[in-house]
Ligand code: ADP
Ligand code: ASP
Ligand code: MG
């Protein structure tokens, strides 16, 4: 059971979470709980670091940010004990989560949950701090924003769990962020590939790395609300029939629309750029790269990265430009994206044409566009992201099937 920031934002909510956990254990389950920092805490810590330092060291960011989850794990253990179930809290490192040595954006490379298993054996509910691990060098690391989801799925896989419930403030995954699109519909089920692409392109209801892990280990994820009833979305393997059904659901097989607001486009053209592509890619090796086009013969490359997990995005862009100034490298910031996501959507040129058409008709500048198998994505000015998402949702998911035909 994973509870996100809003679910543990106040002591009152923590009590509610604890009661639910105790009830679940009373039903006879062994329970491992993963908690996020109390809502808003991580953002506050990031703001404090940036106020103190123009370029906060990534290592210290990790030490700082993990303190948020550490506070909530201990408070949660206390609350669960008060609710009548014996509980013990463990940090990511204590839980055996070993990661790469990449500060602020680490990946889990191994999970040895002996301590967790021992504590379950003793009859305890185990409360694990989400979003964190330790590298082989013993350094504290974090898994990128939203990384508590990843902790939960990784533990579910390592413990051979029956199920992995991810609780947040929405009762599932919707066809768009319900805060942005009023008519967004909850999806009953969703294929891993679609959810992973939705998350990569900005739907933060589940974390992309978490979904990738779930797919690899075939763990079904249930996204549900801490505050609501039984409604949920099941993220699972799409068998052939489900794929066919999903495709029929909407125009071009689009299941969801999403946006993100933290993109940089790195562009380099001209003779001087020849040869520097490798160095630039090396410099981006720890970033979340969303698209990269390299044309060695034309001395041109065009790369889009997400900056959410960089300790100082503005400084990063400035340093990159300065380092490759002679090659003519240009970084454009202030960009976001709007994506249409669905199984195989990227394989259908008509889907890209329709997305471009919708944005053009609304005079939204499309800086560039790219496709992956499960998505069509347009880069747009950050101020246009919400409007683009609303328009795409209306055009692709709200128009009745007969009208679209
Ligand atoms: P938690 O803190 O519990 O991890 P998050 O804030 O990370 O929760 O994720 C839940 C939020 O994700 C919702 O409040 C919602 O605004 C947002 N969201 C974005 N896209 C979607 C979507 N497609 N479906 C549901 N929620 C979405
Ligand atoms: N507290 C971290 C964040 O806000 C991790 C998480 O909530 O999953 O991103
Ligand atoms: Mg989250």
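Summarising the label geometry, the points placed 7 Å from Cα in the beta-carbon direction at residue 183 and residue 360 lie 2.4 nm from one another. If a/c stays under 1.5 just call it rounded; otherwise compare a/b with b/c (prolate if a/b is bigger, oblate if not). Do that for the range 21-111, with a ≥ b ≥ c from the square roots of the Cα gyration tensor eigenvalues. Oblate. Within the range 166-243, DSSP assigns beta bridges of which about 45% are antiparallel (rounded to the nearest 5). Bridge orientation summary for the chain: considering DSSP beta bridges with both residues in this region, about 70 percent are antiparallel.
Between residue 47 and residue 27, the distance separating the two model label sites (each 7 Å from Cα on the Cα→Cβ line) works out to 3.8 nm.
Distance between the pseudo-spin-label points of residue 325 and residue 139 (7 Å out from Cα toward the beta carbon): 2.9 nm. Computed from the C-beta positions of residue 373 and residue 67, the FRET efficiency with R₀ = 30 Å rounds to 0.15. Restricting the calculation to Cα atoms, the range 294-405 yields a radius of gyration followed by a Dmax of 16.6, 55 Å.
Rounded, prolate or oblate for the range 37-176? Axes are the square roots of the Cα gyration tensor eigenvalues, ordered a ≥ b ≥ c, and the cut-off for rounded is a/c under 1.5. Prolate is the answer for the range 37-176, as a/c is 1.5 or above and a/b outweighs b/c. With contributions of -39500 (n - 2.57) from each DSSP H run of at least four residues, the per-residue ellipticity at 222 nm computed over the chain stands at -11000 deg cm²/dmol. For the peptides 319-331, 371-383, the ranking by mean Cβ contacts within 10 Å, running from highest to lowest, is 371-383, 319-331. For the peptides 45-54, 15-24, the ranking by packing is 15-24, 45-54, with the highest mean count of neighbouring Cβ atoms within 10 Å listed first. Expressed to the nearest 5 percent, the antiparallel share of DSSP beta bridges inside the range 32-166 is 40 percent. Calculate, in nm to one decimal, what residue 237 and residue 19 gain on full extension: separation in residues at 0.36 nm each, minus their alpha carbon distance. Between residue 237 and residue 19, full extension yields 75.3 nm more.
Every number in this text was worked out from the coordinates using simple rules, so none of it is lab data. All figures in this text were calculated on a predicted structure; none of them were measured in a lab. When we count neighbours, we look across all protein chains shown, and the Cβ atoms used for this are built from the backbone with ideal geometry, even at glycine.
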